[in-house]
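The values are calculated or read from the model by the stated rules, or taken from the named source; none is laboratory data. If you're wondering where the values come from, they're calculated on a predicted model, not measured in any experiment. Backbone-built Cβ (ideal geometry, glycine too); neighbour counts: all protein chains shown. Remember, those area values only see protein heavy atoms, side chains included, never the ligands or the DNA or RNA. Shrake-Rupley method; radii C 1.70, N 1.55, O 1.52, S 1.80 Å.
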Amino acid sequence: MTFELICEIEPPTKPDLKHVRHQIGTMSTIAHSFLIPDNHIGRATVSSVAVAHEVESMGGRGIACLNSRDRNLLGFRRDLLTAAAYGVERFLFVYGDKPTSGNRTSDLTVRSMIAEAREFSPGFRVGAAAALRPLPAWKGSADFLFSQVSYSVEAQVRWREEHPADLPVYAGVMVLASERHARTLAAAIPDIALPEDLVRRVAADRMAGVEAACEQVLALRDSGAFAGVHLIPVSRYRDVESRLAPALK
């Protein structure tokens with residue numbers, strides 16, 4: 001079975017896809033698919049469906065992330081229609097981070113989004129996010145799962161063994177870009193368990209986070225516990241590609 005690398009793209013906050021195209025072109029040497037976030041970290045970005053279509057037009061495979069936070073049922077149906085018109089068929093449905101402006105809608109849940117997408121088109125493949133805790137039974141109705149970012153291979157493998165699911169699961173791996181990034185993550189996700197040793201190494205060497213993420217990807221591959229990884233390179237995608245490409249061949 002192929003170990004899949006799904007690379008997350010930094011979505012544009014301006015009407016310019018040049019940076020997106022550069023990420024796709026660079027990471028296409030190692031990525032099997034690209035995940036496009038939806039209004040990333042609560043900020044307005046170009047539609048994930050539109051960027052997924054751009055990925056497809058460049059010969060890649062796109063996964064459009066759609067959150068329940070920003071849309072009501074009518075808006076969600078519009079997104080599904082748009083995706084079908086563009087030939088985008090894979091989605092990750094999530095709750096969504098706290099918005100930086102405006103209010104959260106309560107019209108949809110991830111569970112209802114999965115049901116709606118199933119009714120709209122049996123050809124759609126839909127995924128959901130999973131925390132490193134017991135898995136709610138309804139998430140087994142998804143086609144795949146993206147597990148929470150962790151900096152411990154042992155914790156990820158243990159969770160997979162303790163909570164088996166009969167569907168592909170992709171482990172979350174994020175490059176720790178800086179000490180500031182580490183503190184921001186720790187404040188936003190209290191249970192992320194950042195190793196202090198890694199934070200110190202990143203503070204002393206800006207490449208330490210890239211090296212640690214690449215080592216984690218390879219260790220997860222060798223564990224055989226996951227179908228692949230959901231890799232978030234943040235702004236360090238060039239460095240990640242140059243280090244992973246030789247190891248993944």
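Suppose we keep only residues that are out of contact with any strand residue (DSSP E or B) (no Cβ under 8 Å at 6 or more places or on another chain) and at pLDDT below 95 within the stretch 210-242. Which one would you say is farthest from VAL20 (Cα to Cα)?
ARG236
Report those helices (runs of 4 or more DSSP H) wholly inside the stretch 158-225 carrying at least 2 residues which are loosely packed, with under 13 Cβ neighbours inside 10 Å. Walk me through how you get there before you give the answer.
Working: elements: 179-188, 196-204, 208-223.
Hits in the stretch 158-225: 179-188, 196-204.
Check whether at least one residue in the stretch 94-108 is crowded, with 18+ Cβ neighbours inside 10 Å, among the small types (Gly, Ala, Ser) and in contact with a Phe, Trp or Tyr (Cβ under 6 Å, 6 or more places away or on another chain), and report yes or no. Break it down into steps so the answer makes sense when it comes.
Step one: list which residues in the stretch 94-108 are crowded, with 18+ Cβ neighbours inside 10 Å, which gives 94, 96, 108.
Imposing the further condition that a residue be among the small types (Gly, Ala, Ser) reduces the set to 96.
Imposing the further condition that a residue be in contact with a Phe, Trp or Tyr (Cβ under 6 Å, 6 or more places away or on another chain) reduces the set to none.
Among the residues of the stretch 94-108, not one is crowded, with 18+ Cβ neighbours inside 10 Å, among the small types (Gly, Ala, Ser) and in contact with a Phe, Trp or Tyr (Cβ under 6 Å, 6 or more places away or on another chain), which makes the answer no.
Hey, does the stretch 228-245 have a residue that's among the hydrophobic types (A, V, I, L, M, F, W, C), loosely packed, with under 15 Cβ neighbours inside 10 Å and out of contact with any Pro (no Cβ under 9 Å at 6 or more places or on another chain)? Don't jump to the end; show me each part of the working.
Filtering the stretch 228-245 for residues among the hydrophobic types (A, V, I, L, M, F, W, C) gives 229, 231-232, 234, 240, 244-245.
Next cut, loosely packed, with under 15 Cβ neighbours inside 10 Å only: 245.
Keeping just the survivors that are out of contact with any Pro (no Cβ under 9 Å at 6 or more places or on another chain) gives 245.
Looking for residues that are among the hydrophobic types (A, V, I, L, M, F, W, C), loosely packed, with under 15 Cβ neighbours inside 10 Å and out of contact with any Pro (no Cβ under 9 Å at 6 or more places or on another chain), one finds at least one in the stretch 228-245, hence yes.
Would a scan of the stretch 74-89 turn up a residue that is open to solvent by 40 Å² or more (accessible area, probe 1.4 Å) and within 17 Å of the chain's Cα centre (by Cα)?
For the stretch 74-89, residues open to solvent by 40 Å² or more (accessible area, probe 1.4 Å) and within 17 Å of the chain's Cα centre (by Cα): present.
Return yes or no: is LYS18 among the charged types (D, E, K, R) and under 28 Å from CYS214 (Cβ atoms)? Break it down into steps so the answer makes sense when it comes.
Details: among the charged types (D, E, K, R): yes; under 28 Å from CYS214 (Cβ atoms): yes.
Against the criterion (among the charged types (D, E, K, R) and under 28 Å from CYS214 (Cβ atoms)), LYS18 qualifies.
Taking into account only those residues within the stretch 47-70 that are more than 29 Å from ALA245 (Cα to Cα) and touching a Pro at 6+ places or on another chain (Cβ under 8 Å), which is least open to solvent (accessible area, probe 1.4 Å)?
Of everything passing the filter in the stretch 47-70, ARG69 is least open to solvent (accessible area, probe 1.4 Å).
Pick out the one residue from ILE6, ILE41 that is on the phi < 0 side of the Ramachandran plot and surrounded by 13 or more Cβ atoms within 10 Å (Cβ to Cβ).
Numbers: ILE41 fails: on the phi < 0 side of the Ramachandran plot.
Of ILE6, ILE41, the one residue that is on the phi < 0 side of the Ramachandran plot and surrounded by 13 or more Cβ atoms within 10 Å (Cβ to Cβ) is ILE6.
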